Amino acid sequence: MKDGISRRTFFLGTLLAGVVPRAGYGSMPSLRQLGFKSPNEKLNIACIGAGGRATSNINGCSSENIMAFADVDDVRAGETYTRFPNAAKFRDFRKMLDKDAKSIDAVIITTPDHLHASAAMACMQLGKHVYVEKPLTRTPWEADLLAQAAAKYKVATQMGNQGYSHESNRVAAEIVWSGEIGDVTEVHASTGAPSWPQGLESAPVPEKAPGTLDWDVWLGGAEARPYSPAYLPFNWRGFYDFGTGPLGDWGIHVFGPLNLALRLGAPVGVEVIRQQGKNAWTFPTRSILRYDFPARGSMPAVKVFWYDATRGATELYKVPGMENEVILPASNNLIERGRGRPTEGRGAAPAPGAAGAGAAAGAAGAAGGRGGRGAGGQGGGRGQAAAGAPTAAPMPATGVLHGNGAVFVGSKGYMATVARGEGVHLLPGSRWKDYSLPAEVLSRSPGHYRDWIRACKGGEPACSNFSVSGPFAEWVTLGAIAYRFDGKLEYDAAKKRFTNNDAANQFLKPKFRKGWETKL
């Protein structure tokens with residue numbers, strides 16, 4: 001196989017980063033020698049964020065001892081608090097860590113994007129393992145910081161991009177590495193419209209914060225401003241100061257298969273090709289974004305296009321020669337081929353033949369553990385149902401990319417993946433029907449949350465540990481900066497700076513309020 005991948009290997013961040021101990025994997029010290037718990041013991045897990053999306057993360061780790069919560073919104077956290085009456089409750093996660101640090105083994109962080117890095121750093125500096133919701137951080141600098149911190153403090157980490165644990169995601173990589181579709185020089189990825197408002201024409205109107213909400217702690221290190229209901233419970237996602245828009249909500253999922261399969265590092269450029277509703281406060285109402293990645297080993301340079309708010313859009317990617325093909329595969333479609341290993345948080349496999357963007361959106365909304373979350377107070381989410389997922393009407397067989405998924409354009413053909421990497425197939429469908437899957441190269445996940453729990457107890461690193469998800473989130477969030485500017489931003493990965501736009505560099509790193517500074 002290409003690039004020296006000729007045997008089944010562990011799914012480690014070092015595999016993707018190219019960092020292997022000089023004496024081989026066997027030279028690394030046992031994690032148990034470093035003080036990790038026995039796999040038979042339960043972890044004491046604290047949760048920063050208890051409402052909304054946090055409930056799915058808590059459920060996913062409920063085999064362990066959930067022993068403390070910190071959430072700024074008493075109302076949003078109320079249901080979870082009732083479920084865990086014996087757990088300690090706080091509004092400020094810093095006070096929780098001050099009081100219970102000696103008892104805490106690991107922390108689940110499910111907050112708005114702008115608080116992820118501050119909370120995770122506070123935990124890692126105390127030696128706590130961390131699970132951080134996607135898209136890991138709001139800015140590229142924070143993503144790099146968390147990757148450095150995980151290595152420095154030697155803790156087990158995982159980003160909440162569940163698709164990385166899915167069978168189809170790994171099969172997609174194995175198909176690309178087998179050479180089946182040749183050299184990939186373009187990828188087109190898309191999502192539907194967000195369920196929060198974007199393209200605002202005026203700043204939010206201030207109001208008095210409710211007594212059940214600690215607005216100051218919700219702001220964290222962000223610039224002080226009056227409370228407004230325009231930010232909550234999950235509309236913060238669309239604001240530059242708090243979220244990462246559709247890129248951080250679904251882009252981080254949809255890009256997962258191509259980040260893994262194409263071994264993407266940092267891009268050399270990012271540019272907004274088109275956007276509607278550009279403004280000073282939020283992401284636009286609709287956009288087309290382009291990333292340019294250089295050659296990587298034997299893999300050629302690749303262009304990655306991102307289309308958001310595809311419902312009703314007229315400028316969608318049309319797959320050449322596929323006018324009568326349904327582009328996106330069914331979620332969990334490998335189950336029909338006898339290869340599926342659905343992980344926790346997955347919905348049931350669709351009925352045979354259910355495919356296309358409608359099926360893709362439905363799969364994302366039906367799963368109890370959807371990747372998209374909002375923020376009810378500090379904990380986050382839109383809840384468990386279909387109320388928040390980008391949706392689209394079932395798509396006719398028109399050969400158009402529409403909904404949550406991606407199309408890989410290779411020199412020998414096309415491949416498509418759906419949603420968080422929960423389905424994969426070759427195009428046209430006749431080619432997939434008769435195709436024999438390549439041999440497994442990557443090890444398979446025991447489940448996204450179990451993967452992290454196992455790592456916390458001394459097992460191999462989780463599949464989306466920060467050595468993997470840090471660089472991934474770093475390049476994704478570069479795109480969030482590009483929306484503020486016209487023209488291409490040229491990026492120097494070594495210096496971590498834009499070389500042709502000094503104004504853009506100010507957005508690579510947050511400006512922290514006094515008392516919230518974050519550093520190693």
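The values are calculated or read from the model by the stated rules, or taken from the named source; none is laboratory data. Remember, predicted model here, so these are calculated numbers, not experimental data. In this analysis, Cβ positions are derived from the backbone assuming ideal geometry, glycine residues included, and neighbour counts consider all displayed protein chains.
The sole residue among Thr139, Thr185, Thr191, Thr111 that is surrounded by fewer than 24 Cβ atoms within 10 Å (Cβ to Cβ), in contact with a helix residue (DSSP H, G or I) (Cβ under 8 Å, 6 or more places away or on another chain) and either more than 29 Å from Arg237 (Cβ to Cβ) or not charged (D, E, K, R) (or both) is Thr139. Within segment 211-249, being touching a strand residue (DSSP E or B) at 6+ places or on another chain (Cβ under 9 Å), touching a residue at least 40 places away in the same chain (Cβ under 8 Å), part of a loop (DSSP other than H, G, I, E, B) and more than 15 Å from Thr282 (Cα to Cα) holds for Thr212, Asp214, Pro233. Checked against (1) touching a Pro at 6+ places or on another chain (Cβ under 9 Å); (2) surrounded by fewer than 24 Cβ atoms within 10 Å (Cβ to Cβ); (3) not hydroxyl-bearing (Ser, Thr, Tyr), Asp92 passes all but a single condition, namely (1).
Checked against the criterion of being out of contact with any strand residue (DSSP E or B) (no Cβ under 9 Å at 6 or more places or on another chain) and either modelled with pLDDT under 50 or not polar (S, T, N, Q) (or both), the candidates Gly358, Gly423 yield just one match: Gly358. In segment 496-505, how many are of a type in the set (S, T, N, Q) and either in contact (Cβ under 8 Å) with a residue 24 or more places away in the chain or not in a loop (DSSP other than H, G, I, E, B) (or both)? Of the residues in that region, 1 qualify. One residue stands out in segment 95-107 among those that are buried (at least 21 other Cβ atoms within 10 Å of the Cβ) and either β-branched (Val, Ile, Thr) or out of contact with any Cys (no Cβ under 6 Å at 6 or more places or on another chain) (or both): the one that is farthest from Ala77 (Cα to Cα), namely Asp105. Given the condition modelled with pLDDT of 90 or more and touching a Gly at 6+ places or on another chain (Cβ under 8 Å), answer yes or no: does some residue in segment 334-353 qualify? No.
Being modelled with pLDDT of 95 or more, crowded, with 18+ Cβ neighbours inside 10 Å and acidic (Asp, Glu) is a property that does not hold for Asp216. Taking the condition of being of a type in the set (A, V, I, L, M), free of Cβ contacts under 8 Å to residues at least 24 places away in the same chain and not in a strand (DSSP E or B), how many residues in segment 65-93 meet it? Summing the residues that are of a type in the set (A, V, I, L, M), free of Cβ contacts under 8 Å to residues at least 24 places away in the same chain and not in a strand (DSSP E or B) in segment 65-93 gives 1. Taking into account only those residues within segment 473-488 that are out of contact with any Gly (no Cβ under 6 Å at 6 or more places or on another chain) and farther than 17 Å from Leu264 by Cβ, which is surrounded by the most Cβ atoms within 10 Å (Cβ to Cβ)? The selected residue is Ile481.
Matching residues to (1) assigned to a loop (DSSP other than H, G, I, E, B); (2) within 28 Å of Gly403 (Cβ to Cβ):
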residue: Trp432; (1), (2): no, yes
residue: Ser445; (1), (2): yes, yes
residue: Ile453; (1), (2): no, no
residue: Phe507; (1), (2): yes, no
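Can you tell me which residue among Gln162, Gln158 is over 23 Å from Met415 (Cβ atoms) and surrounded by 21 or more Cβ atoms within 10 Å (Cβ to Cβ)? Gln158 is the lone residue from the list that is over 23 Å from Met415 (Cβ atoms) and surrounded by 21 or more Cβ atoms within 10 Å (Cβ to Cβ). Restricting segment 472-495 to residues that are among the small types (Gly, Ala, Ser) and part of a loop (DSSP other than H, G, I, E, B), the residue that is nearest to Trp281 (Cα to Cα) is Gly487.
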